[in-house]
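The values are calculated or read from the model by the stated rules, or taken from the named source; none is laboratory data. Quantities reported herein were computed from a predicted structural model and do not represent experimental measurements. For accessibility, only protein heavy atoms count, side chains too; no ligands or nucleic acids. Shrake-Rupley method; radii C 1.70, N 1.55, O 1.52, S 1.80 Å.
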Amino acid sequence: MKLIALRWLLDPATSLLALRLRGQERGRISHNAAWRMARVIRHPDEMVYRHYECLAADPRDEHH
């Protein structure tokens, strides 16, 4: 199963927020970056994990 589909299945509210955030940015950020941003907005206690992920992030991801 693709990651995007899995995220929609497991956390549709975060996925919908990510879609809205990406729309506000007019597609200038990747879906993955928008989803991670939405996740931190909805679950601020996960910021530590988000910061750790940025240290080992994919350089092709536009938003870090």
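Of the whole protein surface, Ser30 contributes about 20 Å² of accessible area at a 1.4 Å probe radius.
Given a 1.4 angstrom probe, I'd like the percentage of the accessible area of segment 12-52 that is carbon and sulfur, rounded to a whole number. Carbon-and-sulfur percentage of accessible area, whole number: 58.
Give the ranking of Glu25, Glu46 by solvent-accessible surface, highest area first, calculated with a 1.4 Å probe.
Values: Glu25 75, Glu46 50 Å².
Highest to lowest solvent-accessible surface, that is Glu25, Glu46.
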